[in-house]
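The values are calculated or read from the model by the stated rules, or taken from the named source; none is laboratory data. Quick caveat, the model's predicted, so the values are computed rather than measured. Ideal geometry is used to build each Cβ from the backbone, glycine not excepted, and the neighbour counts take in all protein chains shown.
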């Protein structure tokens, strides 16, 4: 997902995505430890997604806005 697409999501959607991504990361780590994971980059991608989501949420908290602003 591109950063511009992420910024268009509402804060609640971002929080939901963080939760889903954490669950996915847990499953990937479990697969890694059991020897089933072949694409190790998925772990890195999942961690990066979580960081991007949390960064946007924090930016909005500091800004005081809970919804994305549309520039037009």
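Write out, first by first residue and then by second, each pair whose Cβ atoms fall under 6 Å of each other, whose residues are 6+ apart or on separate chains, and whose first residue, in segment 1-15, is closer than 14 Å to residue 61 by Cβ while the second is surrounded by fewer than 11 Cβ atoms within 10 Å (Cβ to Cβ).
10/67
Can you find even one residue in segment 34-45 that is touching a residue at least 12 places away in the same chain (Cβ under 8 Å) and surrounded by fewer than 14 Cβ atoms within 10 Å (Cβ to Cβ)? Give the steps one after another, and end with the answer.
The initial filter retains those residues of segment 34-45 that are touching a residue at least 12 places away in the same chain (Cβ under 8 Å), namely 42-43.
With surrounded by fewer than 14 Cβ atoms within 10 Å (Cβ to Cβ) added as a condition, the list becomes none.
No, segment 34-45 contains no residue that is touching a residue at least 12 places away in the same chain (Cβ under 8 Å) and surrounded by fewer than 14 Cβ atoms within 10 Å (Cβ to Cβ).
Take residue 27 and decide whether it is out of contact with any helix residue (DSSP H, G or I) (no Cβ under 6 Å at 6 or more places or on another chain), under 20 Å from residue 5 (Cβ atoms) and at pLDDT 95 or above. Full working, then the answer.
On the way: out of contact with any helix residue (DSSP H, G or I) (no Cβ under 6 Å at 6 or more places or on another chain): yes; under 20 Å from residue 5 (Cβ atoms): no; at pLDDT 95 or above: yes.
Judged against the criteria, residue 27 is not a match.
Starting from segment 47-72, take each residue that is over 12 Å from residue 12 (Cα atoms) and list its partners that are at pLDDT below 65, counting only C-beta distances under 7 angstrom and pairs at least six apart or across chains.
Sorted first by the residue in segment 47-72, then by its partner, the list stays empty.
Check 71, 54 and return the single one that is at pLDDT 95 or above and either farther than 17 Å from residue 4 by Cβ or exposed (fewer than 10 other Cβ atoms within 10 Å of the Cβ) (or both).
Details: 71 fails: at pLDDT 95 or above.
Sole residue among the options that is at pLDDT 95 or above and either farther than 17 Å from residue 4 by Cβ or exposed (fewer than 10 other Cβ atoms within 10 Å of the Cβ) (or both): 54.
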